[in-house]
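Q: Take a look at this one; I'll ask things after.
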Amino acid sequence: MPKHVAVLMGGWSSEREVSLSSGTACARALEGQGYRVTPVDVQPDIATVLSALRPDVAFNALHGPAGEDGTIQGLLEILKIPYTHSGVLASALAMHKERAKTIMRAAGVSVPEGRVVNRHEAAKSHPLAPPYVVKPIAEGSSMGVIIVREGRSHPPQELARPDWTYGDEVLVETYIPGRELTCAVMGDRALGVIEIKPATGEWYDFDAKYAEGGSIHVLPAEIKPNVYQRVQELSLTAHQALGCRGVSRADLRYDDTPGGTGALVVLEVNTQPGMTQTSLVPEIAAHAGFSFGELVQWMVEDATLGR
């Protein structure tokens with residue numbers, strides 16, 4: 001009998017549509033690998049649904065709060081359903097950007113300077129000298145990210161809007177100019193490094209991530225071999241320091257601008273990286289010799305409890 005895999009997708013976070021795309025692609029690929037697959041659009045009754053379904057493995061294709069922050073992982077532990085990706089603690093730590101930075105810094109990983117502030121205070125006066133970046137504490141896919149450019153006189157007023165949905169605390173970090181790099185980790189191995197260039201706009205925002213043709217991926221990244229190796233080392237160290245399992249993806253900035261600092265810093269670790277047609281991890285895995293089907297099969301066979 002083939003393993004029965006429940007592919008968890010959707011949910012109710014701001015990344016619902018991305019998760020549905022990831023989950024649909026993974027479900028199709030897993031069927032192609034011979035698994036019995038049940039796609040599950042996760043709703044608040046997910047415990048009841050999974051208790052009735054009793055799959056052999058839960059493939060977690062959720063993104064954002066509830067799916068990426070340790071919540072669904074804790075539920076799967078209680079239900080004793082082996083699952084993919086990182087466990088409860090690693091998921092919670094990696095999702096909270098400031099906590100993750102504390103752990104990574106202690107492990108010797110360079111991270112941007114910054115601090116947590118109340119969004120209303122950040123809308124009244126600059127918390128750092130521009131340029132700087134404002135990020136929600138626990139969101140993904142560049143949701144709610146604001147870049148405050150050098151020379152901007154007024155702090156970002158959108159932080160004080162009543163329709164702001166990303167919480168009252170925000171992380172403010174020094175802006176690192178230069179290249180946007182990302183590296184996938186698969187188990188205990190760092191794979192290749194991509195440089196990401198937005199096809200339009202100035203940075204790798206939501207549209208650049210998910211729209212067809214929204215970004216240009218250079219794989220392998222055209223950086224010096226020692227820098228390439230250092231990106232891999234930092235990505236694996238960050239993955240291990242946070243206690244991640246399965247597949248993760250580290251996002252970094254590299255300041256190789258003329259007269260720049262040469263800084264190479266890890267911005268964050270994604271424990272639930274996107275698995276859509278334009279996603280980075282499948283592309284990096286393919287470069288390492290893993291087809292999309294082989295990648296998701298590896299993830300299912302790697303699934304356990306107590307992660």
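Q: Taking the convex hull of the alpha carbon atoms in segment 55-202, what volume per residue do you get, in Å³?
A: Expressed per residue, the convex hull around the Cα atoms of segment 55-202 is 157 Å³.
Q: Quick one: compute a quarter of the convex hull surface over the Cα atoms of segment 235-307 and quote it in nm².
A: That works out to 6.2 nm².
Q: Oh, and also: Rounded to the nearest 20 Debye, what is the dipole magnitude of the chain about its Cα centre when Lys and Arg each give +1 and Asp and Glu each give -1 at the C-beta?
A: Using only the charged Cβ atoms, the result is roughly 440 debye.
Q: Report the number of Lys pairs in the chain whose alpha-carbons are under 26 Å apart, with separation of 8 or more residues or on distinct chains.
A: 16
Q: Scattering from the C-alpha atoms of the chain alone, worked out with Debye: what is log10 I(q)/I(0) at q = 0.10, 0.16 1/Å?
A: Once normalised to I(0) and log-transformed, intensities are -0.54, -1.36.
Q: Name the residue farthest towards the positive end of the dipole of segment 114-174 from the options Val145, Gly167, Gln157, assuming +1 on Cβ of Lys and Arg, -1 on Cβ of Asp and Glu, about the Cα centre.
A: With unit charges placed on the Cβ atoms, the residue in question is Gln157.
Q: Stick to the Cα atoms of segment 108-189, pair each with every other, and give me the Kirkwood hydrodynamic radius in Å at one decimal.
A: Answer for segment 108-189: a Kirkwood hydrodynamic radius of 13.9 Å.
Q: May I pose another question? Each label point is 7 Å from the Cα along the Cα-to-Cβ direction; what then is the distance between the points at Ile78 and Glu150, in nm?
A: 5.1
Q: As a test, work out the antiparallel percent of DSSP beta bridges whose residues both lie in the chain, rounded to the nearest 5.
A: That works out to approximately 75 percent antiparallel.
Q: So if R0 is 30 Å, what FRET efficiency would Val49 and Ser291 give, r being the distance between their Cβ atoms, rounded to the nearest 0.05? Could the numbers behind the result be given before it?
A: On the way: r = 30 Å, r/R0 = 1.01.
Working from the Cβ atoms, E equals 0.50.
Q: Let me ask you something else. Only helices at least 18 Å long along their axis, Cα-based, and averaging -1.0 or more on Kyte-Doolittle count here, so list those DSSP H runs from the chain.
A: 16-32, 225-242
Q: What is the P(r) of segment 58-132, as percent of Cα-Cα pairs per 10 Å bin from 0?
A: 17, 34, 29, 16, 4
Q: Turning to a different aspect of this structure: Take Ala106 and Trp12, extend 7 Å from each Cα along the Cα→Cβ direction, and tell me the distance between the two endpoints in nm.
A: Simple spin-label model gives 3.3 nm for this pair.
Q: Give the relative contact order (percent, whole number) for the chain; include only Cα pairs under 8 Å separated by 6+ residues.
A: Once divided by the residue count of the chain, the mean separation gives 21 percent.
Q: On to the next question. For the pair Glu301 and Arg115, how long in nm is the line joining their label points, each one 7 Å along Cα→Cβ?
A: It works out to 5.0 nm between the two label points.
Q: 222 nm [θ] for the chain, helices only, -39500 (n - 2.57) per DSSP H run of 4+, per residue, to 500?
A: Helices in the chain give a 222 nm mean residue ellipticity of -9500 deg cm²/dmol.
Q: For segment 1-110, give the magnitude of the charge dipole about the Cα centre (Cβ charges: +1 Lys/Arg, -1 Asp/Glu; no others), in debye to the nearest 20.
A: 280
Bear in mind that the values in this text are calculations on the coordinates, not laboratory data. Treat the numbers as computed from the prediction; the structure is a model and nothing was measured. Note: ideal-geometry Cβ built from the backbone for every residue, glycine included; neighbour counts use all protein chains shown.
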